[in-house]
Amino acid sequence: MDIDGTKFGISKIKGYELASSEAFKRAKIEKRSPMEISQEIVGTLKEHPWVEEAVAINGYVNVKLSPKFYLEYKPELKENGTVAIEYVSVNPNKPWHIGHLRNALTGESLKRIYQAFQYDVVALDYIDDLGLQVAQSYWYWKNYGIKEHERFDWAVGLAYVEAAKLFEEHEKEVREILKEMEEKGISRNFVEKVLWDQLKTAKAYGIFHHMRVFESDIARDLFNKTIELLKEKGFLVYHEEGELKGTWTTRGNRVVIRSDGTATYLGKDIVFQLWKMGFVSGLRFEEREDPTGKVWYSNIKGIEKEINADKVINVIGIEQSLPQQEIAKVIKEIYPEKEYIHVAYQKVRLKDVSFSGRKGTWIGYSADELLEEGIKRIKSKELALSAIKFFILKYTPTKEVIFEWDKALSTEGDSGIYVMYAYVRAGSVLKKAEVNPLLKELNEGDREVAKWFLAWEFYLKKALRYNDPSAIAEYLLELAGAFNSYYGKVKLKNNETGLWVTEQVRKYLKQGMELLGMPIVEEM
RNA sequence: GGGCCCGUAGCUCAGCUUGGACAGAGCGGCGGCCUUCUAAGCCGAAGGUCGUGGGUUCAAAUCCCACCGGGCCCGCCA
């Protein structure tokens, strides 16, 4: 933050909130010593009503802020625009495993972060109902039947492991089924049945979308319309000869339409992304009630809806970076002013194995089992959710997560439970307060906590700018830690300023926890 | 061959995009603290060639170059 044109960060010196190293930078330009300049800055700051004390230490400027500052300062957190965030988009032939959960929690948290900046946010879920995975599952179901299970996503997921083993031998038949799916829509009911049960997991974890789009609804009219337009405007290239003879590709020579006239996955993806930006319209929706609540489902019979996003964010595995880059390039050509962002996340895996739907390595590590185990260990659904969500979101998305039960469900140290505990503790202090909270004077100890009130803006903007909820998790740990330490040293219940600090701590902890989708509890 | 991600304490990670104070947490291990607002907590000590080597700079974990280790991607599959 800036005071009188000098940039400040959080101070490392005890009892000071802000620090600046600008004297070093100016020293270079002005050819004077940092000491001299830092003294000068201190001189000008002393007049400022927000500054209670400013000191120069070895060329650095450290500042104590005045109570007036805390009562007046409001960070600027409003930005404009429409953002479409796509996340989860799990193949509808298996239950969610922990990797899918990472995607879901990241997307849901980003949704909330963008909403905090007052963007218009549309959360989208893409249902690949015409994929090969679904075809394999559907084919297996038709030929071998599927073992009963209380959840259809589980029944199909378990069968898919078997189906995958038979795939090579029966590929021809499966391809036949795939063709029928595309032409006659034979699998839509099957897919919706799986999706319905997958969404029970979404509900349990608090994942809420505004729209669900089925590939089969894009595949026909919208697809052709978009491709024709792209051809017309010269964004696609036709190859008369060579290896790519008869295909339409991007300018980067990635095939969009095969020589047999069918679409590649990349082609379909480009069409969907462009729809989000308003390049074409015509996708229809109807509102339906599903396990997560009311959601707009794509459907040929519904009403036309469009998003016209300025910014499109897709939470997709990092292994898809290359095709994602290609899509970004195409979009950049068409909409230089818009943003296309691939939020790339690494795998969640066990020590030696990564989760795979095909190999069945997810069994025992489904999102449902994780929550179940959490409730068993922590004895509370809310706390189990807090622990799990925090555990997953505290890692930067590009970092691989090695899954271990004890870590995922940890209740001590840098865990979601630690943060919750600080929040509940602050609430308890306020409840038992003997005086009213009132900001009077801030002493060294108060300032150690108050620093983090300023830092909120910094961490929140960082989370937005880098599309990384882990910045929020980090913030929560810092603030909770500062408060717990403060609590250990300072008697609060008859301390007016201390209670004011406690109130603020609660406020910021709550905001942060909400952005991560953690449930808020008042007692534990 | 081209590209992407990761490499920081015994283990798991922050910090790197915008270069600045002695590199921070948690877990594990060691020593303390529950008649006092909730001990799912707090305090203290221990633990580091920031993968390696160069370069830029008053200043490098951070920027640039080269290299090493681990993982991944480069189809008219989806």
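Would you confirm, using the coordinates I've provided, whether A:ILE327 is of a type in the set (Val, Ile, Thr), within 27 Å of A:THR82 (Cα to Cα) and more than 16 Å from RNA strand B (Cβ to nearest atom)?
Spelling it out, it is not the case that A:ILE327 is of a type in the set (Val, Ile, Thr), within 27 Å of A:THR82 (Cα to Cα) and more than 16 Å from RNA strand B (Cβ to nearest atom).
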Does A:ASP197 fit the bill of being among the acidic types (Asp, Glu) and touching a Phe, Trp or Tyr at 6+ places or on another chain (Cβ under 6 Å)? yes
Filter region A:470-496 for residues that are near RNA strand B (Cβ under 7 Å from one of its atoms) and among the hydroxyl-bearing types (Ser, Thr, Tyr); the one that is nearest to the chain's Cα centre (by Cα) is A:SER470
Among the residues of region A:97-148, which ones are without any contact (Cβ under 8 Å) to a residue 40 or more places away in the chain and closer than 19 Å to A:SER356 by Cβ? A:TYR140
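Residues checked against (1) touching a strand residue (DSSP E or B) at 6+ places or on another chain (Cβ under 7 Å); (2) among the charged types (D, E, K, R):
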position	(1), (2)
A:ARG220	no, yes
A:LEU266	yes, no
A:GLU287	yes, yes
A:PRO291	no, no
Scanning region A:76-94 for residues that are surrounded by fewer than 20 Cβ atoms within 10 Å (Cβ to Cβ) and polar (S, T, N, Q), which turns out nearest to the chain's Cα centre (by Cα)? A:THR82
Considering only region A:182-193, state which residues are closer than 13 Å to A:LYS142 by Cα and part of a helix (DSSP H, G or I). A:PHE190
Please specify each residue of region A:343-362 satisfying the condition of being out of contact with any strand residue (DSSP E or B) (no Cβ under 8 Å at 6 or more places or on another chain), surrounded by fewer than 17 Cβ atoms within 10 Å (Cβ to Cβ) and of a type outside the set (Ser, Thr, Tyr). A:ASP352, A:VAL353, A:ARG358, A:LYS359
Just give me the residues in region A:246-265 being near RNA strand B (Cβ under 9 Å from one of its atoms) and in contact (Cβ under 8 Å) with a residue 60 or more places away in the chain, in sequence order. A:ARG254
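Okay, residues lined up against (1) more than 11 Å from A:ASN62 (Cα to Cα); (2) more than 10 Å from RNA strand B (Cβ to nearest atom); (3) buried (at least 18 other Cβ atoms within 10 Å of the Cβ):
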| site | (1), (2), (3) |
| --- | --- |
| A:ASP4 | yes, yes, no |
| A:GLY9 | no, no, no |
| A:GLU17 | no, yes, yes |
| A:ALA23 | yes, no, yes |
| A:GLU40 | yes, yes, no |
Here the residues within region A:261-296 that are assigned to a loop (DSSP other than H, G, I, E, B), closer than 19 Å to A:TYR87 by Cβ and among the hydroxyl-bearing types (Ser, Thr, Tyr) are A:THR292
Any helices (runs of 4 or more DSSP H) falling wholly within region A:344-454 and containing at least 2 residues that are in contact with a helix residue (DSSP H, G or I) (Cβ under 6 Å, 6 or more places away or on another chain) and free of Cβ contacts under 8 Å to residues at least 40 places away in the same chain: A:367-378, A:381-393
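Listed here are the residues, each with its yes/no results for (1) under 15 Å from A:GLN504 (Cα atoms); (2) surrounded by fewer than 16 Cβ atoms within 10 Å (Cβ to Cβ); (3) more than 7 Å from RNA strand B (Cβ to nearest atom); (4) within 23 Å of the chain's Cα centre (by Cα).
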position: A:TRP405; (1), (2), (3), (4): no, yes, yes, yes
position: A:GLU412; (1), (2), (3), (4): no, yes, no, no
position: A:TYR421; (1), (2), (3), (4): no, no, no, no
position: A:ALA426; (1), (2), (3), (4): yes, no, yes, no
position: A:LEU438; (1), (2), (3), (4): yes, yes, yes, no
position: A:ASN443; (1), (2), (3), (4): no, yes, yes, no
position: A:GLU457; (1), (2), (3), (4): yes, yes, yes, yes
position: A:ARG465; (1), (2), (3), (4): no, yes, no, yes
position: A:ASP468; (1), (2), (3), (4): no, no, no, yes
Considering only helices (runs of 4 or more DSSP H) wholly within region A:5-79, the ones with at least 1 residues that are within 23 Å of A:ARG465 (Cβ to Cβ) are A:22-30
Those residues of region A:122-152 which are away from RNA strand B (no atom under 12 Å from the Cβ), over 19 Å from A:TRP196 (Cβ atoms) and not β-branched (Val, Ile, Thr), in sequence order: A:TRP139, A:TYR140, A:LYS142, A:ASN143, A:TYR144, A:GLY145
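We did not get these values from a lab; they are worked out from the coordinates using the rules stated. This structure is a prediction, so every number in the text was calculated from the model and none was measured. So basically every Cβ, Gly included, is an ideal-geometry build from the backbone, and we count neighbours across all protein chains shown.
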